[in-house]
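Worksheet for the structure shown next.
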């Protein structure tokens, strides 16, 4: 179950599903990335607060350059990550975060192996099944077991707000065996549920349903709490999904 918490009186979103690691989503209060020239100081202050909260130096807070790809890398200090939409974390001295403003944030954690990941699943990432690819990499390269992987599906645009064209609809439909209840047609428009399409992909991969927590917040409906690319005229501000191992 998700709940609001605070870092220095700035709101973050956490889930009770993951308690042995620091896994959370920032909000409009605590965001860590913007291209708005008027707000770099806010970002700097927020990053300092998050690093203090996590007890790490700023250089140990790592984020990639996202391009809606299915590329996944291993986070290492001092490295850059161009064209990367998933980071796997193996070092408890580091923290990783990715950036969102309607797309679906995915946080993975295996308590048994003390390993995790964060991935970015917009419709392109969802169509490429970046979440499933992340799971497969954890299993193949780091000996995770499906029953030990817990997944947080964070705040993203909801089915009521997310209309797509026929070509996108067909691409997303082809990613799962059971697409029932993951879309609806209203006024000749197609609306899809990105969060639960990702959940269905995970279920069909073999992740137990009790290991998946889907956030009910919509970035568009709850635009007072999160950023929305669609609802805010292509805003360059981003809330974040963050993970630090125990």
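The values are calculated or read from the model by the stated rules, or taken from the named source; none is laboratory data. Please read these numbers as outputs of a predicted model, since none were measured by experiment. Positions of Cβ are generated from backbone atoms using ideal geometry, with glycine treated the same way; all protein chains shown enter the neighbour counts.
Some values worked out for this structure:
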item: Criterion (in contact with a helix residue (DSSP H, G or I) (Cβ under 7 Å, 6 or more places away or on another chain) and either touching a residue at least 60 places away in the same chain (Cβ under 8 Å) or more than 23 Å from residue 133 (Cα to Cα) (or both)) met by exactly one of 41, 22; result: 22
item: Evaluation of residue 14 against (1) free of Cβ contacts under 8 Å to residues at least 24 places away in the same chain; (2) more than 20 Å from residue 246 (Cα to Cα) (one fails), failing number; result: (2)
item: Cβ-Cβ under 7 Å pairs, at least 6 apart or on other chains, segment 180-193 side more than 15 Å from residue 122 (Cα to Cα), far side loosely packed, with under 10 Cβ neighbours inside 10 Å; result: 190/166
item: Qualifying residue in segment 45-53 (condition: over 17 Å from residue 7 (Cβ atoms), surrounded by 14 or more Cβ atoms within 10 Å (Cβ to Cβ), without any contact (Cβ under 8 Å) to a residue 24 or more places away in the chain and touching a helix residue (DSSP H, G or I) at 6+ places or on another chain (Cβ under 9 Å)); result: no
item: Condition met for residue 88 (farther than 29 Å from residue 220 by Cβ and either surrounded by fewer than 22 Cβ atoms within 10 Å (Cβ to Cβ) or in contact with a helix residue (DSSP H, G or I) (Cβ under 9 Å, 6 or more places away or on another chain) (or both)); result: yes
item: Close pairs from segment 66-93: first at positive phi and without any contact (Cβ under 8 Å) to a residue 40 or more places away in the chain, partner surrounded by 21 or more Cβ atoms within 10 Å (Cβ to Cβ) and assigned to a loop (DSSP other than H, G, I, E, B), Cβ under 9 Å, at least 6 apart; result: 83/64; 83/66
item: Qualifying residue in segment 131-141 (condition: closer than 30 Å to residue 40 by Cβ and crowded, with 18+ Cβ neighbours inside 10 Å); result: no
item: Leading residue by the ranking (surrounded by the fewest Cβ atoms within 10 Å (Cβ to Cβ)) among those in segment 9-43 that are modelled with pLDDT of 95 or more and more than 19 Å from the chain's Cα centre (by Cα); result: 9
item: Test for residue 232: is it modelled with pLDDT of 95 or more, over 23 Å from residue 171 (Cα atoms) and more than 16 Å from the chain's Cα centre (by Cα); result: yes
item: Filter result (more than 23 Å from the chain's Cα centre (by Cα) and over 16 Å from residue 128 (Cβ atoms)) within segment 149-176; result: 165, 166
item: Check on residue 204, closer than 28 Å to residue 90 by Cα and either surrounded by fewer than 20 Cβ atoms within 10 Å (Cβ to Cβ) or modelled with pLDDT of 95 or more (or both); result: yes
item: Residue count for segment 99-127, restricted to those that are out of contact with any helix residue (DSSP H, G or I) (no Cβ under 7 Å at 6 or more places or on another chain), farther than 13 Å from residue 155 by Cα and buried (at least 23 other Cβ atoms within 10 Å of the Cβ); result: 4
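Residue-by-condition table, conditions (1) touching a strand residue (DSSP E or B) at 6+ places or on another chain (Cβ under 7 Å); (2) more than 30 Å from residue 39 (Cβ to Cβ):
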| residue | (1), (2) |
| --- | --- |
| 155 | yes, no |
| 182 | yes, yes |
| 200 | no, yes |
| 207 | yes, yes |
| 222 | no, no |
| 231 | no, no |
